[in-house]
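Right, one structure below, let's go through it.
The values are calculated or read from the model by the stated rules, or taken from the named source; none is laboratory data. Everything numeric in this text was worked out from a predicted model, so none of it was measured. Note: ideal-geometry Cβ built from the backbone for every residue, glycine included; neighbour counts use all protein chains shown.
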Amino acid sequence: MDLTGKVAVVTGSGRGLGLAYARALSAAGASVVVNDVDRQAVEAAVESTESAGGKAFGVTAAVGTAEAAEELVSAAVEHFGRLDVLVTNAGILRDKVLWKMTDDDFDDVIRVHLRGTFTCARAAAVRMREQGRGGRIVLIGSPAGQRGNFGQTNYAAAKAGIAAMARTWALELARSHITVNAVVPVAATEMTKTIPVFAPFIEEAERTGAPLPDWMRRQEGLGTMEDAAGLVTFLASDASAAVTGQAIGIGGDRLALWAHPQEKKVALREGGWSAEDIAAAWSDGVGARPETFGIPAPQPPAGD
Ligand SMILES: NC(=O)c1ccc[n+]([C@@H]2O[C@H](COP(=O)([O-])OP(=O)(O)OC[C@H]3O[C@@H](n4cnc5c(N)ncnc54)[C@H](O)[C@@H]3O)[C@@H](O)[C@H]2O)c1
């Protein structure tokens, strides 16, 4: 995949998946603006991204404000002349069950993920529309946003909102030939290590140096950070010109197209539905096969 001449911004690319995306884009020939909240992480990421092939420039800023978004787009334009690709990857977790979640837990996660994605995409869309040569906006969702997840009120809400924004912006930016998709990654990172259900498997792999087991890579779609980067490179490229408005899962050996919400079962009743009508008809009608929710717990094969 050749991204020579293209300029990308990857938020939260000081480590983890963001750094893997920045390195992959750089290896494909793109110039990359890397970003994080920590200056040292940014400096190391610039070096790491340049060692992958292309040029890199670092911006230390906390994504979430319009000012930070402007700074990132301006850095791309000032240092590399234009902006072709935005990857909104910056993120934090503040997991707690609903009744223990504080206002700050909620606001912090919404600010970085949802507001950060909105402000960066808005600044990028303005610039890409001015350039008049299309563009690629790659948002980062999560299985938690697609399905709901225990302890992740704030994060699931932000990530579901991000998937909804991808569909909305795909409509709004189609005429400008700017594609917008949501990547739904799973990978062994610092962030996943804080999720109890994944932690022991990742720690074991780190301790022994062995790869994550096959069943995790195939069934759970959980692998290395680099496993997730090919999809971002594809979505950044000319090869994905026709792909927009999609939520696409990636991780381990797994690539998946997520379904969008749609009416699954419909019943019609002339004059509408009273509460009593619904109660009488629910179990054999619209409610006969209710939807499941939540991310299914990992299922190691027997004996693993
Ligand atoms: N790891 C997974 O399996 C997984 C699954 C689904 C979604 N994701 C998403 O992928 C993205 C990256 O996750 P990760 O696992 O690499 O996490 P990570 O914690 O390893 O990396 C996130 C990076 O974002 C940076 N960051 C945090 N707040 C920021 C801000 N305001 N501005 C700029 N940078 C900021 C952090 O400093 C960190 O370097 C996140 O959006 C996450 O929600 C990850």
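Among the residues of the range 76-110, those that are assigned to a helix (DSSP H, G or I) and under 15 Å from Gln152 (Cα atoms) comprise Leu98, Trp99, Lys100, Asp103, Asp104, Asp105, Phe106, Asp107, Asp108, Val109, Ile110.
Filtered by the rule that a residue be near the ligand (Cβ under 9 Å from one of its atoms) and touching a Ser or Thr at 6+ places or on another chain (Cβ under 6 Å), the range 18-27 gives a lone residue, Leu19. Evaluated against (1) out of contact with any strand residue (DSSP E or B) (no Cβ under 6 Å at 6 or more places or on another chain); (2) within 25 Å of Trp169 (Cα to Cα); (3) away from the ligand (no atom under 15 Å from the Cβ), Glu70 falls short on exactly one condition, (3).
Is it the case, given these coordinates, that Ala242 is within 16 Å of the ligand (Cβ to nearest atom) and among the small types (Gly, Ala, Ser)? In short, no. Within the range 117-132, residues that are at negative phi and in a helix (DSSP H, G or I) sit with their Cβ atoms under 8 Å from residues that are of a type in the set (Asp, Glu) and buried (at least 16 other Cβ atoms within 10 Å of the Cβ), at 6+ positions apart or across chains, in these pairs: Ala123/Glu70; Met128/Asp84. Only one of the numbered conditions (1) within 16 Å of the ligand (Cβ to nearest atom); (2) surrounded by fewer than 17 Cβ atoms within 10 Å (Cβ to Cβ) is not met by Thr102, and that is (1). Selection of first residues in the range 99-116 that are at pLDDT 95 or above and of second residues that are of a type in the set (Lys, Arg) and not in a helix (DSSP H, G or I), restricted to Cβ pairs under 7 Å at least 6 apart or on distinct chains, gives the following pairs, ordered by first then second residue: Asp105/Arg94; Asp105/Lys96; Asp108/Arg94; Val109/Arg94.
Applying the condition of being surrounded by fewer than 24 Cβ atoms within 10 Å (Cβ to Cβ) and acidic (Asp, Glu) to the range 1-49 and asking which residue is farthest from Ser240 (Cα to Cα) yields Asp38. All of Thr102, Thr60 fail the test of being among the β-branched types (Val, Ile, Thr) and farther than 17 Å from Thr11 by Cα, apart from Thr102.
Pick out the one residue from Asp238, Asp284 that is without any contact (Cβ under 8 Å) to a residue 40 or more places away in the chain, over 16 Å from the mean Cα position of the chain (by Cα) and either closer than 29 Å to Ala124 by Cα or crowded, with 21+ Cβ neighbours inside 10 Å (or both). Asp238 is the lone residue from the list that is without any contact (Cβ under 8 Å) to a residue 40 or more places away in the chain, over 16 Å from the mean Cα position of the chain (by Cα) and either closer than 29 Å to Ala124 by Cα or crowded, with 21+ Cβ neighbours inside 10 Å (or both). Of all the residues in the range 155-205, those that are part of a helix (DSSP H, G or I), under 14 Å from the mean Cα position of the chain (by Cα) and either within 11 Å of the ligand (Cβ to nearest atom) or over 18 Å from Gly116 (Cα atoms) (or both) number 7.
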